[in-house]
Amino acid sequence: MKVLMVCLGNICRSPLAEGIFRKQAQLRGLGWEVDSAGTGSWHVGEAPDPRSIQIARQQGLDISDQRARQIRLTDLSAFDYIFAMDRSNYRQILELANDHEQRSRVHLFLDYAGRDQESDVPDPYWNDNGFQEVYHMLDQASHQVIDRILDQSVSMTTDQGIADSVQ
Ligand code: 4NP
């Protein structure tokens, strides 16, 4: 399974999402590939924001090796799941997509996690105090999203099994 996390700058939210999600998937023995990108190009080549690095480090997670990149059209075919951190990112990614197959891979991360109260991971760039909250949101949602992807692949395998046995 290949999963891409997307925010605006690829320096605050999506690097945290990438690190947290990859670690959780590894702890569950899943050999999933996890990456992140930004819809904007301002920070391409940069390490994550020092505040994201620090909040992750406090939780025993090192994200300092990551480098920002901009999302590209080929990502929409190369990744099975593309998760937007907020609705603005979601709209930007959909504008890039050029067919139904690509659009169907794009989801709002918190929606996919089953959160009904909030859909957006708030952008902490202008708010030093926002990083803790973002970390915990992403941590909780990642558990839920991994559960849902696993459920989804089980039901697809079962459907395929039924389809095979029907034929
Ligand atoms: P991110 O946060 O989308 O979570 O990486 C931001 C980073 C940079 C900017 C905005 C948001 N910026 O305007 O440069």
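Here is how the numbers come out for the structure above:
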| read-out | value |
| --- | --- |
| Sites Ser64 and His100, calculated FRET efficiency, Cβ-Cβ separation with R0 35 Å, nearest 0.05 | 0.35 |
| Packing rank of 92-104, 67-79, where each peptide gets the mean count of other beta carbons within 10 Å, highest leading | 67-79, 92-104 |
| Theoretical ellipticity at 222 nm over the chain - DSSP helices of four or more residues, -39500 (n - 2.57) apiece, nearest 500 | -15500 deg cm²/dmol |
| Helix runs (DSSP H) in the chain reaching 27 Å along axis by Cα, Kyte-Doolittle at least 1.0 | none |
| Coordinate range along principal axes, alpha carbons of the chain, Å, largest first | 57, 34, 32 |
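Every number in this text was worked out from the coordinates using simple rules, so none of it is lab data. Remember, predicted model here, so these are calculated numbers, not experimental data. Counting neighbours? That spans all protein chains shown, and the Cβs are built from the backbone with ideal geometry, glycine included.
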